[in-house]
Structures are given as structure tokens and as C-alpha cells.
Amino acid sequence: MSDTHFYRVADGHGLPHNPFKAIVAPRPIGWISTVSADGVPNLAPYSFFNALSDTPPIVGFSSSGWKDSVRNAEATGEFVYNVATAELAARMNATAAPLPPDVDEFVEAGLAAAPSRLVRAPRVADSPASLECRLTQIVRMAAADGRETDSWLVLGEVVAVHIDRRHLVDGIYQTAAARPILRAGGRADYAEIGPDSMFRLVRPTQA
């Protein structure tokens with residue numbers, strides 16, 4: 001049997017850094033753009049993000065605290081997911097700064113905004129792919145004992161998709177070619193998906 005470090009979460013992990021985020025990793029970065037009810041664009045990265053359904057396509061991000069992205073999504077019923085890449089990493093990180101609601105993160109991070117087609121929130125123009133979403137639910141998450149937390153799960157149905165044609169080969173989106181980055185869990189750790197990290201497994205079929 002291997003030597004394991006065990007701890008009850010209620011008692012604390014006893015380590016220099018909480019391992020939870022490093023164990024559940026790497027995670028896609030939900031680079032979420034919204035617009036306020038007053039028309040101010042907002043852009044922020046969320047490391048708790050993923051695709052949650054394919055029919056209809058639904059994505060979701062979780063916010064620790066009722067932040068601008070959640071407030072804007074509730075007010076307008078819309079948000080956009082933008083793929084964060086190695087090329088955009090520094091500017092993505094800049095959008096994580098805690099800025100006032102009336103500050104446009106696109107401007108602060110030196111990012112060009114592109115108009116969406118079906119929602120009001122702008123897209124990151126240089127992102128290789130963006131998903132326009134209409135809000136389906138905002139869920140306040142609860143602990144196992146039923147206690148309400150200050151974490152909010154924001155779910156949206158994808159209603160439109162933008163793909164840079166450079167990343168389509170024979171009609172197939174090339175995930176690695178875009179060099180997406182993912183949150184790897186440490187204080188400042190990220191991972192990158194590149195061609196060398198790809199492999200294929202064909203799903204078994206019923207005999």
C-alpha cells in the first residue's frame with residue numbers, strides 16, 4: 001500500500017497550499033464576457049468551468065461570490081465563453097484583476113472586442129472560438145448539510161458559435177492547434193494543450 005496523506009476537509013489539509021484545485025486539474029478556463037444592464041462590458045476568467053450537456057449544448061461557470069459576471073448574466077440573461085490560449089495568457093490573467101463594475105476589462109487588458117450575433121455581450125476578437133450563451137439557470141450551491149454557500153453556478157445554453165477558420169481542418173476543429181490553456185491548481189500553475197499532448201481512443205461499441 002502506498003504512503004498517503006489523508007485529511008478531513010473540516011480539519012484542514014495541513015499543507016502549504018490547498019491540494020483540491022491541483023487534484024481536480026487541469027480545468028478549462030471559462031473566460032466569460034458579459035455586459036452590464038448599463039452597457040458596460042466585463043471580462044473575467046473562471047477556473048471552475050466546463051461543458052455540461054450536448055443536447056442542448058450547455059456550459060457553466062462557478063463564481064465564488066456574487067461577482068460582476070454573475071450580476072451581469074442575471075441582469076441581461078446572456079454571456080459569452082471565449083477560449084483562452086497561450087498567446088492570450090498574459091492578457092487573460094490581466095482580466096482577473098478586481099476592478100470596479102464600471103471599468104471595461106477589454107480596455108484595461110488591451111484586448112479587442114468583437115460583436116456577437118445573438119447576444120449583447122462582446123467576444124474576445126483574438127480568441128480562436130467563442131460560444132454565445134443565453135442564461136438558463138443561476139444556482140446557489142449548497143454544502144452536504146444543506147447550508148447555503150457563497151458560490152454561484154451560472155448555466156447557459158449555447159445559441160451561437162464563432163470559430164476562427166484557421167483552426168478547422170476538413171471541417172474538424174483542431175483543439176491543440178489553438179494551444180488552449182488550462183488551470184493546473186497551484187498558486188500560479190497553468191497547463192497548455194499542444195499537438196504532443198494529444199492521443200486518440202475510439203469509444204467501444206456494443207457487440
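Considering the stretch 179-207, the residues that are more than 16 Å from the chain's Cα centre (by Cα) and aliphatic (A, V, I, L, M) include one that is farthest from ASN50 (Cα to Cα), namely ALA207. How about the stretch 164-190: which of its residues are surrounded by fewer than 16 Cβ atoms within 10 Å (Cβ to Cβ) and either in contact with a helix residue (DSSP H, G or I) (Cβ under 7 Å, 6 or more places away or on another chain) or in a strand (DSSP E or B) (or both)? Matches in the stretch 164-190: LEU168, VAL169, ILE172, TYR173, GLN174, ALA176, GLY186. In a residue-by-residue description of the stretch 89-96, the property of being part of a helix (DSSP H, G or I), surrounded by fewer than 22 Cβ atoms within 10 Å (Cβ to Cβ) and touching a helix residue (DSSP H, G or I) at 6+ places or on another chain (Cβ under 6 Å) applies to no position.
Applying the set (1) of a type outside the set (Asp, Glu); (2) in a strand (DSSP E or B); (3) touching a residue at least 12 places away in the same chain (Cβ under 8 Å); (4) farther than 28 Å from GLY110 by Cβ to SER53 leaves exactly one unmet item: (3). Out of HIS5, HIS13, HIS17, one residue alone is farther than 17 Å from ARG123 by Cα, surrounded by 12 or more Cβ atoms within 10 Å (Cβ to Cβ), modelled with pLDDT under 95 and not hydrophobic (A, V, I, L, M, F, W, C). It is HIS17.
Going residue by residue through the stretch 32-45, is there one that turns out to be in contact with a Cys (Cβ under 7 Å, 6 or more places away or on another chain) and on the phi < 0 side of the Ramachandran plot? I'd like the intermediate steps shown before the answer.
Of the residues in the stretch 32-45, the ones in contact with a Cys (Cβ under 7 Å, 6 or more places away or on another chain) are none.
No, the stretch 32-45 has no match at all.
State which residue is nearest to VAL139 (Cα to Cα) when the search covers only the stretch 36-82 and only residues that are in contact with a helix residue (DSSP H, G or I) (Cβ under 6 Å, 6 or more places away or on another chain) and surrounded by 20 or more Cβ atoms within 10 Å (Cβ to Cβ).
SER63
The number of residues in the stretch 98-125 that are more than 17 Å from GLY30 (Cβ to Cβ) and not β-branched (Val, Ile, Thr) comes to 16.
The values are calculated or read from the model by the stated rules, or taken from the named source; none is laboratory data. Given the structure is predicted, the values throughout are model-derived calculations rather than measurements. Using ideal geometry, Cβ is built from the backbone for each residue, glycine included, and neighbour counts are taken over all protein chains shown.
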